[in-house]
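Working notes, structure below.
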Amino acid sequence: MITVAREHVGSDYMAWAKTSSHARFNLSTSGLANVRLEELNVELHDLELTRDGGYGYEPLQNALAARLGVGRESIVTAIGTSLANHLAMAAVVNPGDEVLIEQPTYEPLLALARYLGANVKRFSRRFDSDFRVLPEEVERNITSRTRLIVLTNMHNPTGVLITQETLREVGELAKRKGARVLVDEVYLEALFAERPATAFTLGPEFVTTSSLTKAFGLSGIRCGWIVAEPELARAIWRLNDLFGVMPAHPAERLSVIALNQLDAIGARAEARLTKNRIRVYDFLDSREDLEAVRPDFGTIVFPRLQQGSADIFCKLLREKYETSVVPGSFFELPNHFRVGFGNDPDMLQEGLVRLGAALDEMC
Ligand SMILES: Cc1ncc(COP(=O)(O)O)c(C=O)c1O
């Protein structure tokens, strides 16, 4: 019999997101609603199919370097934050190396570390500490074998922001062990003008990843990147050679065009998030059966059910009330569910009404 190699490899969360998260009232997405091509100021003659080879498209490297305030030689472009994470982790971690990952976290990061053959260790971000990263918790779990610490900022699933001071402390802990810190900053973009500098600027032990996907509704152009010290960035470009000869050049062109329009796209996104967040928090205030940490920024919140299983609740919500949220079991916290509020305000409003009705039915 012919068997499938690596049959067990993949992300349960991603498979669910692609096949089972759709609903009439979709509160499961963590990004802004998709920008349509006609909303981008783009002409056909701005595009081209193919470019000469080489590492990186110069106008895109320059636009990202200017936006991030780092040297071009530290930037590696990638197909979304997803491939950026893969490349960054694979360039730093050898099979058997210890990787210390926050818990809860974005499940594909965990699946990726396991796929790379890492020895995965965890440190907790707890509800009763407002899901903050506590450097003492990192210190308790780091060992001399730790090669990489993995964080998301803002945190997926809770939306909590890590302060620069905490990042600095984690960087110090890593440095002492000769480890690096990978910070997935895809949600940091949703701080818009308030966005702090990428953690890479705190020291060469940091490697950061991001994209235009979440905060700007630009998932389709797959504009992702890694920021790393130049020697590591070169190694990542070489590793990327295994994944393809050349990126889709129309997407590179569209990325440059989008980066030039980001202030306007971001202003619309921020206005929507600010309004929608108030609606969601008003809803949470009205429910005694839910408790939640309420970040001031971001696109998501992660309430906890006082009673009952969130898996059963999410199933009822989707099947009877045509509304989807993400079950907390994908983030190893089965009493929680994640609500995203970057979508259309009317859809959100009706989704919240239905969420309330499903909660009432559960009681
Ligand atoms: C923390 C985190 N990183 C990466 C991704 C994927 O980003 P992209 O669409 O840019 O590949 C997601 C998507 O939900 C995410 O939550």
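What size of dipole, in debye to the nearest 20, comes out for the range 189-255 about its Cα centre when the only charges are +1 on Lys and Arg C-beta atoms and -1 on Asp and Glu C-beta atoms? Dipole size: approximately 240 debye. In whole Å, what is the distance between the alpha-carbon centres of the range 145-205 and the range 333-349? That distance is 25 Å.
Using only helices, what value at 222 nm comes out for the chain when you add -39,500 (n - 2.57) per DSSP H run of length 4 or more and divide by the total residues, to the nearest 500 deg cm²/dmol?
-12000 deg cm²/dmol
Evaluated at q = 0.11, 0.15 Å⁻¹, a Debye calculation over the C-alpha positions of the range 33-188 (equal weights, vacuum) places log10 I(q)/I(0) at -0.53, -0.89. Residues 30, 144, ranked from the fewest to the most other C-beta atoms within 10 Å, line up as 144, 30.
Take the Kirkwood radius over Cα pairs of the range 1-125, plug it into Stokes-Einstein at 10 °C and 1.306 mPa s, and you get 86 µm²/s for translational diffusion. Remark: the Cα gyration tensor places the range 1-48 in the oblate category, a/c being 1.5 or greater and a/b not exceeding b/c. Loop-resident GluC sites (Glu not before Pro) (DSSP state other than H, G, I, E or B) in the range 1-64 with no more than 13 further Cβ atoms inside 10 Å of their Cβ: 7, 43, 48. Tell me, what is the FRET efficiency for residue 242 and residue 45 to the nearest 0.05, using R0 = 56 angstrom and their Cβ-Cβ distance as r? Rounded to the nearest 0.05, the efficiency is 0.95. Is the chain rounded, prolate or oblate when judged by the Cα gyration tensor, a ≥ b ≥ c being the square roots of its eigenvalues, rounded requiring a/c under 1.5 and prolate requiring a/b larger than b/c? In terms of gyration-tensor shape, oblate.
Amide H contacts under 5 Å for residue 101: 121, 122, 123, 150, restricted to partners 5 or more places along the chain or on a different chain, H placed in the peptide plane at 1.01 Å from N. According to the square roots a ≥ b ≥ c of the eigenvalues of the Cα gyration tensor, what is the shape class of the range 142-235, taking rounded for a/c under 1.5, prolate for a/b larger than b/c otherwise, and oblate for the remainder? It comes out prolate by the Cα gyration axes. Going from the fewest other Cβ atoms within 10 Å to the most, the residues 45, 22, 86, 155 appear in the order 45, 22, 86, 155.
Rounded to the nearest whole angstrom, the semi-axes of the ellipsoid equivalent to the range 253-363, taken from the Cα gyration tensor as √(5λ), stand at 29, 15, 13, largest first. Pairs of Lys residues in the chain, spaced 8 or more positions apart or belonging to different chains, with C-alpha separations under 18 angstrom: 5 in total.
Separation of the range 1-75 from the range 216-260 is 9 Å, based on Cα centroids. In plain terms, the residue of 149, 278, 162 with the fewest other Cβ atoms within 10 Å comes first and the most crowded comes last, giving 278, 162, 149. Determine the percent antiparallel among the DSSP beta bridges restricted to the chain, to the nearest 5. That works out to approximately 45 percent antiparallel. Toward the positive end of the charge dipole of the range 1-106, with +1 on the Cβ of Lys and Arg and -1 on the Cβ of Asp and Glu, the farthest Cα among 79, 13, 59 is that of 13.
Where a number appears in this text, it was derived from the coordinates with a stated rule and is not lab data. All values derive from a computational prediction rather than experimental measurement. Backbone-built Cβ (ideal geometry, glycine too); neighbour counts: all protein chains shown.
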